[in-house]
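The structure appears right after this line, and notes come after that.
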Amino acid sequence: MNVVLQTRTVCADQEVQLIKITQEVKTAVEESGVQNGVVFVISAHTTAGITMNEGLPCVEKDLVDKLEGLVPTRDVYAHAHFLPSYGATGGNSPGHIKSMLVGNHCVLPVQGGKVVLGHAQDIYFAEFDGIKNRKYYIEIMGE
Amino acid sequence: MVIDMHVHPALYGEICGDKERVRLRCDEMGYHLMSPSPLEVLDKQNAYAGIDKMVLLPLDHSTRCDGQVVITNEEIRTLVDLRPEMLIGFASVDPHRSDALEVLDRAFGELGLMGLKLNPAKQRFYPDDRMMWPIYEKCLEYGRPILFHAGLSWEPQTLCKYSHPLRFEEVALEFPALRICLAHFGWPWVQETAMLMIKYPNVYTDTAMMYMDSAEQFMEKVFRQDMGEYWLDHNFPDQVMFGSNAPRFRPVRIKRGLDSLKMREDTRRKVMGENALRFLGMEGK
């Protein structure tokens, strides 16, 4: 079995943003040489996740708005205190909670050297604590 | 015009080439688990937050740091040259240096830096110590303001007895032409800072404070509970400046905290930029 690990960086334009990375994953799989297996897309962070959904702006807006409704930026969070380990005040609790809700990864089949996606499926890097340089992994495993 | 008066560029990638030096800088300034990022990220952050300009603050406490200056005046000049429309550079000097006045002559005269940042708590001096008078006179000679750290400091090896607002009163009195900013509203001595502002028109402050809770909660506490509802609008609308204390507090969050406060629209314009222009001597330029 072959295992190919690639690292990608991304930087949002907003504090909260769904960034489509479908093409990056497709390209990584096609260049990996793996014909049949699975691909994992994994976030390297605790305030940014990986999710999949239909790649329409209206769907993206609903997802972002409803997550904000569930986990409002302006609310009371225990994490909002001075953190000596950072030297900063924790102001990103909503990001931690939203990233937990969407999860840190997705998994897709690889067949014939290509990612197998449903017709409406897109892959997103889900930024909930921007704006900063971020990292995610694409790991392809198979024959 | 929105100006962030209080930014520490410790983690700007363009001055983070030397890893050992960055480690020393972060240890001295108390920044951990945060990584350097290039100015392109700052461009995005400011575009999103609606921030037009930022004042960059260096740190020279070399007499307490084995001769090392953790963010130099030259590094500030380098950054300003990369974003001249966005970045405004201040100087720093350790007042205990024997060549402090020469450092300032170079910073203002050759490097063209626009003001001086001093941190009494970190650099260990009392602002009203006569030792400081030549430094204040040098700033007056060049027409440069001073931004003092005031109140609580979270940096390692700091003592807040040096940065109590009352230790600045004699400076304000003896140097009425010198524009001084007691940063962080002098927190927790907010009322002492307010007292100095109503007494001395050359005293300014900034909003770089989110020591507990969220920015919205903290601003509400300071501007609505520690102070009367109309103190800002009616007493010192010309002396409070937006400042964030990045990277310790994220500018977009401090700005959001201020945005959540009810105040007159002309006061808001002043706080967000017009007061900074006057403090910096850039009014009408």
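None of the figures in this text is laboratory data; all of them are computed from the coordinates on show. Quantities reported herein were computed from a predicted structural model and do not represent experimental measurements. Here the Cβ is made from the backbone with ideal geometry for all residues, glycine too, and neighbour counts use every protein chain on show.
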How high is the FRET efficiency from B:Ser260 to B:Leu159, r the C-beta distance, R0 30 Å, rounded to 0.05?
-> 0.35
In angstroms, what radius of gyration and Dmax does chain B have, counting Cα atoms only?
-> 17.4, 49
Cα pairs beyond 19 Å in chain A, in percent, come to 54 percent
When Lys and Arg each count +1 and Asp and Glu each count -1, what net charge do the other residues less than 14 Å away from B:Gly30, Cβ to Cβ, add up to?
-> +1
Count of lysine pairs in the range A:2-142 with Cα atoms under 16 Å apart, counting only pairs 8 or more residues apart in sequence or on different chains?
-> 5
Per-residue Cβ neighbour rank within 10 angstrom, fewest leading, B:Ser260, A:Ser99 | B:Ser260, A:Ser99
Long-range amide H partners of B:Thr205 with built H, under 5 Å | B:Leu182, B:Val240, B:Met241
Given H placed 1.01 Å from N in the peptide plane, which residues other than close sequence neighbours of B:Gly89 have an amide H under 5 Å from its amide H?
-> B:Leu56, B:Met114
Looking at chain B, send over the antiparallel percent of its DSSP beta bridges, to the nearest 5.
-> 5 percent
Points 7 angstrom from Cα along the Cβ direction at B:Glu74 and B:Leu173: gap in nanometres?
-> 4.2 nm
Across A:124-131, the residue-averaged tally of Cβ atoms belonging to other chains within 10 Å stands at 2
Along the Cα-to-C-beta direction of B:Asp43, a point sits 7 Å from the Cα; which residues of the range B:82-116 have their amide N less than 11 Å from that point?
-> B:83
Tell me, how many Å apart are the Cα centres for the range A:105-143 and for the range A:58-98?
-> 24 Å
Rough spin-label spacing in nm, given labels placed 7 Å along Cα→Cβ, for B:Ser98 and A:Thr46 | 4.9 nm
Within the range B:112-207: Cβ-based charge dipole about Cα centre, in debye rounded to nearest 20 (Lys, Arg +1; Asp, Glu -1) | 180 debye
How would you classify the range B:182-278 from its alpha-carbon gyration tensor, with a ≥ b ≥ c the square roots of the eigenvalues: rounded for a/c under 1.5, else prolate if a/b is greater than b/c, otherwise oblate?
-> rounded
Antiparallel DSSP bridges in the protein assembly as shown: what percent, to the nearest 5?
-> 65 percent
Calculate the dipole size of the range A:2-142 relative to its Cα centre from +1 charges on Lys and Arg beta carbons and -1 charges on Asp and Glu beta carbons; express the result in debye to the nearest 20.
-> 220 debye
Between A:Glu54 and B:Arg130, Cβ-based FRET efficiency (R0 51 Å, step 0.05) works out to 0.10
If you place +1 on the Cβ of every Lys and Arg and -1 on the Cβ of every Asp and Glu, how big does the dipole about the Cα centre of the range B:66-147 come out, in debye to the nearest 20?
-> 240 debye
Placing +1 on each Lys and Arg Cβ and -1 on each Asp and Glu Cβ in the range A:2-142, then taking the dipole about the Cα centre, the residue among A:His45, A:Cys58, A:Gly118 whose Cα reaches farthest towards the positive end is A:His45
Run down the lysines and flag those whose C-alpha is under 29 Å from the C-alpha of B:Lys285, throwing out any fewer than 8 positions away in its chain.
-> B:Lys44, B:Lys53, B:Lys117, B:Lys138, B:Lys199, B:Lys255, B:Lys270
Quick note on B:Thr205, A:Thr27, A:Thr73, A:Thr47, ordering by fewest other C-beta atoms within 10 Å, gives A:Thr27, A:Thr73, A:Thr47, B:Thr205
Can you give the relative contact order of chain A as a percent, counting alpha carbon pairs under 8 Å and 6+ residues apart?
-> 54 percent
